[in-house]
Amino acid sequence: MKRNILVTGGAGFIGSHLVRLLVNKYPDYRIVNLDKLTYAGNLTNLEDVADRANYVFEKADICDIDEMMQIMQRYEIDGVIHLAAESHVDRSITDPFTFARTNVMGTLSLLHAAKTYWESRPEGYEGKLFYHISTDEVYGALELTNPEGIDSPFTTAASSCGHKAYGREFFVETTKYNPHSPYSASKASSDHFVRAYHDTYGMPTIVTNCSNNYGPYQFPEKLIPLFINNIRHHRPLPVYGEGMNVRDWLYVEDHVRAIDLIFHKGKVAETYNIGGFNEWKNIDIVKTIIRITDRLLGNPKGYSDELITYVTDRAGHDLRYAIDSRKLQSELGWEPSLQFEEGIERTVKWYLENQDWVDRITSGEYIKYYESMYGNR
Ligand code: NAD
Ligand code: TYD
């Protein structure tokens, strides 16, 4: 079946993996990648699919409702997968307004453009879907009751042997929202608007809340790519607080596989949690990254340990995130495909083999390039 799918934020980290998957897997679909190309958007992430006949790029701001309307109409969009967002917690602490603008008002503009366009069609909402990509951070923080770890209650084919959980509570789809950072507050608000458009106007919507992603093409301000790059340059590794905060890590390709599955098979009006069944304390992740990066760079064992630098904690730093994604596992048969040990090894290798990609970003060269191509709007 032919479909016209609008992916917002397709030049970012997760969006670029999703666009690549959809363009390769569905030659009959037209995939429209809509992105403002903020500091986090990078079209070189998609160089390998840029010339495909079923791929189109539109530089646009999701807050511009008129432009959203025109794009919906021009491409006769029947499915929206909405990833465009400001995504970095530390930036949200210094600049909360940008997060409210993009994540709340931008999502509302996109929702309203989709509503207006779909309601103008003779078939109405039939065959349409607005799929909103959100985060587990909307649920707030879980307690860390077992700092030494207990056996994880979850089993998946890819679970690491003897993997630990750091508490007995997990986020489920019905966990009450309790966001703490301006980032998570803005994402929570956008989730509520998406559900309101279903409940009020009957728009077919789905929301998914995913845990921390890692893998190639992640902007090097986030923990894993930042630390790999700092090790390469023998620079300090700024660990917030005592490094005891726990995150649940999922390889990005497993996330976009889940998005594809849910977009096609998920139940309208449902929420699905997506997670890696894979909790790690930050300090343990950092030691793992050091060990792998040093080995791949040919450094002696323990060479970069001295780079670990404990710094002032992030304000309002959530202690523990851990997702229970058994609903997705039992209803749609999804689970992570990759063991963390394999995923992190692949990730470190990718950043070391693609140093040009990182260097162009850290030098700001890629922003100059886009401004020359698309202007600075
Ligand atoms: P990212 O920061 O790498 O990419 C965001 C993209 O959105 C960029 O390409 C940027 O240019 C674009 N964008 C920003 N503002 C825009 C605007 N006003 N109009 C159009 N485009 C705009 O983010 P990511 O890590 O790929 O996250 C993608 C989505 O997934 C976000 O909604 C995020 O909340 C969610 N999410 C991320 C994670 C994670 O670990 N990275 C986990 C769960 C959920
Ligand atoms: P991050 O990658 O920013 O993702 P999020 O805040 O969305 O979870 O951070 C992951 C964890 O690593 C988080 O607990 C904060 C911590 N962290 C550091 O300790 N130092 C750093 O320099 C960064 C960027 C993050």
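The values are calculated or read from the model by the stated rules, or taken from the named source; none is laboratory data. Everything numeric here is computed off the predicted structure, so don't read it as measured data. Note that we place each Cβ from the backbone using ideal geometry, even for glycine, and neighbour counts take in every protein chain shown. To get the accessible areas, we keep the full protein, side chains included, count just its heavy atoms, and leave off ligands, DNA and RNA. Shrake-Rupley method; radii C 1.70, N 1.55, O 1.52, S 1.80 Å.
Structure above, values below:
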| item | result |
| --- | --- |
| Number of the condition not met by D51 [criteria: (1) surrounded by fewer than 22 Cβ atoms within 10 Å (Cβ to Cβ); (2) away from ligand 1 (no atom under 15 Å from the Cβ); (3) in a helix (DSSP H, G or I)] | (3) |
| Any hit, segment 174-191, residues being of a type in the set (V, I, T), in a loop (DSSP other than H, G, I, E, B) and open to solvent by 10 Å² or more (accessible area, probe 1.4 Å) | yes |
| In segment 57-82, the residues that are under 20 Å from F263 (Cβ atoms) and of a type in the set (V, I, T) | I62, I71, I77, V80, I81 |
| Some residue of segment 127-134 being within 15 Å of ligand 1 (Cβ to nearest atom), farther than 18 Å from I259 by Cβ and either open to solvent by less than 20 Å² (accessible area, probe 1.4 Å) or hydrophobic (A, V, I, L, M, F, W, C) (or both) | no |
| Flag if S92 is near ligand 1 (Cβ under 9 Å from one of its atoms), of a type in the set (S, T, N, Q) and at negative phi | no |
| Whichever residue in segment 346-372 is closer than 22 Å to A258 by Cβ and of a type outside the set (S, T, N, Q) and, among such residues, is least open to solvent (accessible area, probe 1.4 Å) | W350 |
| Exclusive hit being more than 16 Å from ligand 2 (Cβ to nearest atom), closer than 22 Å to F170 by Cβ and of a type outside the set (V, I, T), set G266, G276 | G266 |
| Of the criteria (1) open to solvent by 40 Å² or more (accessible area, probe 1.4 Å); (2) more than 16 Å from ligand 1 (Cβ to nearest atom); (3) in contact (Cβ under 8 Å) with a residue 12 or more places away in the chain, which one S120 fails | (3) |
| Subset of segment 1-34 that is open to solvent by less than 10 Å² (accessible area, probe 1.4 Å) and polar (S, T, N, Q) - its residue that is nearest to S134 (Cα to Cα) | T8 |
| Sole exception among (1) of a type outside the set (D, E, K, R); (2) touching a helix residue (DSSP H, G or I) at 6+ places or on another chain (Cβ under 9 Å); (3) part of a loop (DSSP other than H, G, I, E, B); (4) in contact (Cβ under 8 Å) with a residue 40 or more places away in the chain for V138, by number | (3) |
| Only one of E342, E331 that is under 30 Å from K128 (Cα atoms) and in a helix (DSSP H, G or I) | E331 |
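One line per residue, one yes/no per condition, for (1) within 16 Å of ligand 2 (Cβ to nearest atom); (2) of a type in the set (D, E, K, R):
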{"site": "N54", "(1), (2)": "no, no"}
{"site": "D61", "(1), (2)": "no, yes"}
{"site": "D64", "(1), (2)": "no, yes"}
{"site": "Q73", "(1), (2)": "no, no"}
{"site": "V80", "(1), (2)": "no, no"}
{"site": "A100", "(1), (2)": "no, no"}
{"site": "N103", "(1), (2)": "yes, no"}
{"site": "T107", "(1), (2)": "no, no"}
{"site": "L110", "(1), (2)": "no, no"}
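Yes or no, residue by residue, for (1) among the polar types (S, T, N, Q); (2) free of Cβ contacts under 8 Å to residues at least 40 places away in the same chain; (3) farther than 21 Å from W350 by Cα:
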site	(1), (2), (3)
N273	yes, no, yes
E279	no, no, yes
T288	yes, no, no
G302	no, yes, yes
